[in-house]
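The values are calculated or read from the model by the stated rules, or taken from the named source; none is laboratory data. Not measured: the values here are computed from a predicted model. We place every Cβ from the backbone using ideal geometry, glycine too, and count neighbours over all the protein chains shown. Just the protein is used for accessible areas: all its heavy atoms, side chains included, with ligands, DNA and RNA removed. Shrake-Rupley method; radii C 1.70, N 1.55, O 1.52, S 1.80 Å.
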Amino acid sequence: MEGGSNQDATWSIRLRRYGPEDESANQDGKKRVTKQARYGKNVRSPLTDERNAIFAMKDMVELFHGRVNLSKPDCKIYLFDGLKSAMVDDSTKCLARAIGKGPKVSIYAPKTRICVTTTPLCPIAAFTLCNVAQLRPHFTVLDPFAGSCASLLAAAHIATNSARPTKSQGGTVSIEVCHNGLVNRDDIVQDFETRSLDPPLDIIHGDCMLYETRQRARQAIGQNSFDCIVTDPPYGIREAMTSGEDDDSSLPPLTQLFYAMGRDRAMGEPLLKVGGRLVAFIPVRKGETLEECLPELQAREEAGLEIEGEGREQVLNDILSRWLVSFVCVS
């Protein structure tokens, strides 16, 4: 802006519209729901709307001295229209500046993959899991509820180590209980190889609640503990799932995993290294609180895990949210 070191920077303005549903009443009194057109990365917003957006921000735009550059501007401004939040009223506006840019996650979108489950994890959520886990090159990463391995695709992208002489120097391991008819392991490998990523060291068909399955996962990385665990567990209670040692199948899957990790820890075979992070999505239904849905305190203590920071909520629909929560292994 004027007087600043970047006062001659080129700029552009783009409109992103999220198309909220508007309710209106017909003449007979019945509600009618209409949707606004949605504009984003793949659908260009009309020039008329973008001109209107510029005029609406006239006082700010007049401070820009550089020229407009629509292809590669030094400063790209996005106007988001249609965002709704219980904490923000219609008169509140927010101006934000992007200070970083992540990978092109669209190449991992479910529609581009060979192996896709009925409820695949979106790539942005998968990368967020890995980033919160503070994943680094040479980390060993486990997903005990891997599905089609969306989280491990993100991990491989972040921490790919093509020159890996020994298994102890990094890599990912997948555990999934579903059979090949639902989750085809060969297709998973192709999803990694077609993107020039290292496939998982082992794609285990088994139940992570069983000691033998967890032991096979440790063997895949040289009989060591993992640097981090990232996962999006099944939402709700999985039927007929038992640990093989204790019948705790009535508990949520993540709580069951914590107790299983506690048993490994008691035997001197921890699944997660001290200082390592377990990052997971936790489902919370309407009327529930995050505290009520967290793995119970006893399970956390037995696993040697403590909550790190505050969880972050993503609203999925009117009755269900999922919270991103990080646990750190302290002992």
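Here are the numbers:
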item	result
Every pair of residues 6+ apart whose Cβ atoms lie under 6 Å, when the first sits in segment 300-325 and is surrounded by 13 or more Cβ atoms within 10 Å (Cβ to Cβ) while the second is of a type in the set (Asp, Glu)	Ser321/Glu313; Trp323/Glu313
Filter result (closer than 17 Å to Pro144 by Cβ and part of a loop (DSSP other than H, G, I, E, B)) within segment 183-192	Val183
Where a residue in segment 192-208 is closer than 18 Å to Thr140 by Cβ and modelled with pLDDT under 95 and its partner, wherever it lies, is of a type in the set (Lys, Arg) and part of a loop (DSSP other than H, G, I, E, B), with Cβ under 9 Å and at least six apart	Asp198/Arg164
Which listed residue, of Thr128, Thr160, Thr112, is open to solvent by less than 90 Å² (accessible area, probe 1.4 Å), among the β-branched types (Val, Ile, Thr), at pLDDT 85 or above and more than 21 Å from Val183 (Cα to Cα)	Thr128
Qualifying residues in segment 254-295 (those that are open to solvent by 80 Å² or more (accessible area, probe 1.4 Å) and in contact (Cβ under 8 Å) with a residue 24 or more places away in the chain) - the one nearest to Ala146 (Cα to Cα)	Lys273
Some residue of segment 271-281 being farther than 23 Å from Asp227 by Cα, touching an Asp or Glu at 6+ places or on another chain (Cβ under 8 Å) and in a loop (DSSP other than H, G, I, E, B)	no
Test: residue in segment 72-85 that is in a strand (DSSP E or B), surrounded by 10 or more Cβ atoms within 10 Å (Cβ to Cβ) and at pLDDT below 75	yes
Number of positions in segment 106-142 that are under 23 Å from Glu310 (Cβ atoms) and either part of a helix (DSSP H, G or I) or among the small types (Gly, Ala, Ser) (or both)	10
